[in-house]
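Here's the structure we're looking at; comments come further down.
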Amino acid sequence: MVQHSPNDTFASLRIAEFRYFVMNSFLITVTLLIQEVILGYELYKVTHDPLMLGLVGLAEAIPFIILSLFGGHLADRRDKKRILQWSLLVIILGSVILYFVFQPSVVAHLSITARLATIYGVLMLIGTAKGFYSPASSSLKPFLVPRELYANSATWYSSFWQAGAIVGPGLAGFFYNWFGFDNTLIVIIVLFVFCFLLLSLIKRKPVPVSNEPMLGLRESLKEGFRFVFKTQIVLYAISLDLFSVLFGGVVAILPVFAEDILHVGAEGLGFLRAAPSVGALLTMAFMTRFPPTQNAWRNMLLAVLGFGVATIVFAFSTNFYLSLIMLALTGAFDSVSVVIRQTILQIFPPDHMRGRVAAVNGIFVSSSNEIGAFESGLLARLLGTVPSVALGGVVTLIVVAYVYAQSKELFAVRLS
């Protein structure tokens, strides 16, 4: 049996199947973000309504939240690789529908209302696929590396994801300006096909066997929730991410900042979208050598605190470069909490519950990202863009203070 040293920075990447897995993560992140950025910018150009941007997140979040627990149930009992491949085929179908909806011959016969309804319907279809893809992907990851490399693999996985989050928005702005919306959708479809091929290189993994009696669907789903709520470090780690991104996230309304506040257009929007991931990737590179799992809970709280402060400064900035720096800092701080949370989610759940625990985590993450996007769009319309973002940063600081007061015993927990 090959021995892997956790002190080897590249230990996880020396495992072929993990390489295929993170390459797929990188590519699917790039592709989804290209689609999200060009679709959001196109919607804002047509409607000039920040609430329409918020509805993009809500359209994906509703089916994801409804189906994610069932997706986690399936991931614990079925072939995870097959679930990923079928989910990806549904996402590809959604992109194909978007391509035809924006063809001139179709646009000429559809009202704006009908086009918007179709777009949001496709987003709900993609959200449905993600409800199965996300828990299957999260629960497959620990089966690709030995236990001693969980922290190392979490850092590399997040690094590839963040790299994709940098490349995706940058390419989106470039493709949108040079090739147009519909031609960019063709590129998106081709990239999704490459993702499918990468998944096919991963071998099927055996379904974990539990000594506990087989539960029905309802009890199985309850078991996932019970584990999260009785395991304090898991509950607080997920909750910190939920409330900080739910109230402090600004990604969904960046088209408003790009168009109306900073006046930098589509290319500037690409830089703004990429900035958090640039900060995250640089921080991830540092964490491959110096993981944040020593004094993990202290580092988690400090990271979310920094995220809130950077969000407040970004809200009031009217300088493009200062805004980029603050967004990069939000990504840097968020990456620390991501690595710690992913390590927690790999260490604490038993093998036969990983899919369901990942699904519960996915619901929290989706609530913070997609429903947070809706919250951002709604508050931007009601309060104004700048006040809504500043308020979100302040709420994040309040959440950190509360969790700190409730979780002091977690400072003694060691993850490495």
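The values are calculated or read from the model by the stated rules, or taken from the named source; none is laboratory data. The structure presented is a predicted model; accordingly, all values stated were derived computationally and were not measured. FYI the Cβ positions are ideal-geometry reconstructions off the backbone, even for glycines, and counts take in every protein chain you see.
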Q: Tell me, yes or no, whether the range 203-226 has at least one residue that is at pLDDT below 80, of a type in the set (Val, Ile, Thr), at negative phi and surrounded by fewer than 21 Cβ atoms within 10 Å (Cβ to Cβ).
A: yes
Q: Inspect the range 376-391 for any residue being of a type in the set (Gly, Ala, Ser), outside any helix (DSSP H, G or I) and at pLDDT below 75 and give the result as yes or no.
A: no
Q | Checking THR9 against (1) buried (at least 17 other Cβ atoms within 10 Å of the Cβ); (2) over 30 Å from GLU267 (Cβ atoms); (3) of a type in the set (S, T, N, Q), the condition it does not meet | A | (1)
Q | Residue tally, condition surrounded by 14 or more Cβ atoms within 10 Å (Cβ to Cβ) and over 23 Å from the mean Cα position of the chain (by Cα), over the range 389-413 | A | 4
Q) From the residues in the range 80-106 that are at pLDDT below 80 and out of contact with any helix residue (DSSP H, G or I) (no Cβ under 7 Å at 6 or more places or on another chain), which one is farthest from GLU42 (Cα to Cα)? A) SER105
Q: Report the residue count in the range 392-416 for those that are outside any helix (DSSP H, G or I) and among the small types (Gly, Ala, Ser).
A: 2
Q | Enumerated helices (runs of 4 or more DSSP H) restricted to the range 94-209, each holding at least 3 residues that are within 19 Å of VAL22 (Cα to Cα) and among the aromatic types (Phe, Trp, Tyr) | A | 150-179, 181-200
Q. Using beta carbons and a limit of 8 Å, which pairs, at least six apart or on different chains, have the first residue in the range 141-154 and among the β-branched types (Val, Ile, Thr) and the second one surrounded by 23 or more Cβ atoms within 10 Å (Cβ to Cβ) and part of a helix (DSSP H, G or I)?
A. VAL145/SER12; VAL145/ASN152; VAL145/SER153
Q: Kindly provide the set of residues from the range 155-206 that are of a type outside the set (Phe, Trp, Tyr), over 30 Å from PHE348 (Cα atoms) and without any contact (Cβ under 8 Å) to a residue 40 or more places away in the chain, ordered by number.
A: GLY180, ASN183, VAL190, LEU197
